[in-house]
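The values are calculated or read from the model by the stated rules, or taken from the named source; none is laboratory data. Please read all numbers here as calculations on a predicted model, not as lab measurements. Glycine gets a Cβ as well: all are built from the backbone with ideal geometry, and neighbour counts include every protein chain shown.
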Amino acid sequence: MSAVLERIAAVVGVGGLVTAESDMAPYSVDWRKRYFGRPLAVVRPVSTREVAEVVKICAETRTAIVPQGGNTGLQGGGITDSSGTQIVLCTSRMNRVRAIDPLNNTITVEAGCVLAEVQRAAEAAGRLFPLSLGAEGSATIGGNLSTNAGGTGVLRYGNTRDLALGLEVVLADGQVWTGLRGLRKDNTGYDLKQIFIGAEGTLGVITAAVMKLYPLPAARLTGIAAVGSPEDAVRLLEIAQRQCGDSLTGFEMFSDFCVSLVAKHFPATQVPFRTRRPQYVLMEISDPRSEESARSEIESVLAEAMDAGVARDAVVAQSLAQVEAMWALRENITEAQALEGQNLKHDVSVPVSRIAEFIAATDTEIARLHPEARMVTFGHLGDGNLHYNIAGPQAVPTEEFMRDAAGLTRIVHDSVARFNGSISAEHGLGQAKREEIRRYKSALELDLMRKVKDAFDPLGIMNPGKVV
């Protein structure tokens, strides 16, 4: 064992240091199995004090640190390089709920708390923690904060940064900044917590956070509308927002091809309509008053949409089983696409008003290169976030299609830029888009980002090779 690992072992103990290659394997590859690292070791501290001591040792020895939570990221941000010199600092053992304050509507949790556990802890206290995403059974709060995760509730509650009131962070020299204040108003200078949220561990290690809670809704109702086009989906969104305001907590769009993939790979899936339509919208209404009030709202929205010719068909869930079946139709798209075979994924955002135009324009450009390409387009329409994915033509071998990956990605990202959008809506940059972002951010923006990085991490040991 090297001298640096001996020093780290003295801090975290035998159970906190993993060095066997087979034991490090789960920490060395990303969820999509696209990025493979070779860590020097995996360090698993149990407290902020241990994190601080480990970071001090790494700063003294110039050992690079790659923070990792549940390892559910999609851009390789939590994976080391192949040099065998970097450590993974995994926060999974730091998983305590430190405090819940129902009257202040806050919960204080450690970075390794799994998102679903935070949701359950809040519910046990009669409160709602609204962050929700497909990986919530394994994703951690620290990872959610580091990537500024989005999910299905952004329309009403915002991204993860909008839910954070305070942070505790171990800085790159091992100092601990304790900013765990549950305040909605604190106008005393720079809002330092926002520097670390979305920084993907390149500026410091988030070890705990104070997050917002909300009253539990009296009722949550889900419905699916079949529409003729993305334009109609946007028109339905306008109707729903006008009628429901903040009661509209989810608004997801997905194409009929997405439904076909889910039905193919998950045969038990219940498709709610006999007549298939080009697009579908899944809506969720959360009402603070009663189920009757929620049902009245969603039925009123769908009735107006049907009368206006915006919706062609619609159904409202009548039971919890039907709610789960509707959400399964949306949430199984990613897994169904993976089962279908290798594909190109793009996590983009454009102004909601231009989503339909973006889809039409980009589809046309993709078709010029691959006329039979299969477009797997779905996402959080309410906040302008599309997962604009491309599956190769069935008649074209996967290897041949993937040779065009760079060109296809350039088409998508250039189109995003023309529509004044972002090439990463909620998954971050990691190592996947670190070079790509240089095409779309101005020289000034990139220079300012580098200056922030240099100020917080002058030795360059925090997650090097990611973001900037």
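For the reader, a short list of remarks on this structure follows.
- Some residue of region 53-63 being within 25 Å of the chain's Cα centre (by Cα), under 20 Å from G143 (Cβ atoms) and in contact (Cβ under 8 Å) with a residue 60 or more places away in the chain: no
- Region 72-116, subset among the hydroxyl-bearing types (S, T, Y) and in contact (Cβ under 8 Å) with a residue 60 or more places away in the chain, residue nearest to G150 (Cα to Cα): T72
- Against the list (1) crowded, with 22+ Cβ neighbours inside 10 Å; (2) farther than 22 Å from T106 by Cα; (3) among the acidic types (D, E), the condition E168 fails is (2).
- Scanning region 375-403 for residues that are touching a residue at least 12 places away in the same chain (Cβ under 8 Å) and surrounded by fewer than 18 Cβ atoms within 10 Å (Cβ to Cβ) gives M375, P393, Q394, A395, V396, T398, M402.
- For region 96-116, filtering for residues that are farther than 19 Å from S286 by Cα and crowded, with 17+ Cβ neighbours inside 10 Å leaves 12.
- Note on region 349-359: residues that are of a type in the set (A, V, I, L, M) and either in a loop (DSSP other than H, G, I, E, B) or without any contact (Cβ under 8 Å) to a residue 24 or more places away in the chain (or both) amount to 1.
- Residue check, I195 farther than 30 Å from R277 by Cβ, part of a helix (DSSP H, G or I), aliphatic (A, V, I, L, M) and under 22 Å from the mean Cα position of the chain (by Cα): yes
- Yes/no for L320 being more than 26 Å from F358 (Cβ to Cβ) and at pLDDT 95 or above: no
- Options A64, A25, A41; residue that is out of contact with any Gly (no Cβ under 9 Å at 6 or more places or on another chain), within 20 Å of L459 (Cβ to Cβ) and among the aliphatic types (A, V, I, L, M): A41
- Selection of region 343-366 for residues being farther than 21 Å from V259 by Cβ and either surrounded by fewer than 22 Cβ atoms within 10 Å (Cβ to Cβ) or modelled with pLDDT under 95 (or both) yields P351, V352, S353, R354, E357, A361, T364, E365.
- Whichever residue in region 133-150 is touching a Phe, Trp or Tyr at 6+ places or on another chain (Cβ under 9 Å) and under 17 Å from G198 (Cα atoms) and, among such residues, is surrounded by the most Cβ atoms within 10 Å (Cβ to Cβ): S146
- Restricted to region 414-443, and to residues there that are more than 23 Å from G382 (Cα to Cα) and among the hydrophobic types (A, V, I, L, M, F, W, C), the residue that is nearest to the chain's Cα centre (by Cα) is A432.
- Candidate set from region 419-437 (those that are surrounded by 13 or more Cβ atoms within 10 Å (Cβ to Cβ) and free of Cβ contacts under 8 Å to residues at least 60 places away in the same chain); member that is nearest to T61 (Cα to Cα): R434
- Put simply, of A417, A425 the only residue that is within 28 Å of L236 (Cβ to Cβ) and assigned to a loop (DSSP other than H, G, I, E, B) is A425.
- The condition of being at pLDDT 95 or above and assigned to a loop (DSSP other than H, G, I, E, B) holds for only one of I57, I79, I100, that being I79.
- Scanning region 365-414 for residues that are outside any helix (DSSP H, G or I), touching a Ser or Thr at 6+ places or on another chain (Cβ under 8 Å) and not aromatic (F, W, Y) yields M375, V376, T377, H380, G384, N385, L386, H387, N389, G392.
- Check on T152, under 25 Å from V51 (Cα atoms) and of a type in the set (S, T, Y): no
- Restricting region 17-59 to residues that are among the aromatic types (F, W, Y) and buried (at least 19 other Cβ atoms within 10 Å of the Cβ) leaves a set whose member that is farthest from S83 (Cα to Cα) is Y27.
- The set of residues from region 119-149 being assigned to a helix (DSSP H, G or I), in contact (Cβ under 8 Å) with a residue 24 or more places away in the chain and not β-branched (V, I, T) comprises A121, A122, E123, G142, G143, N144, L145, S146.
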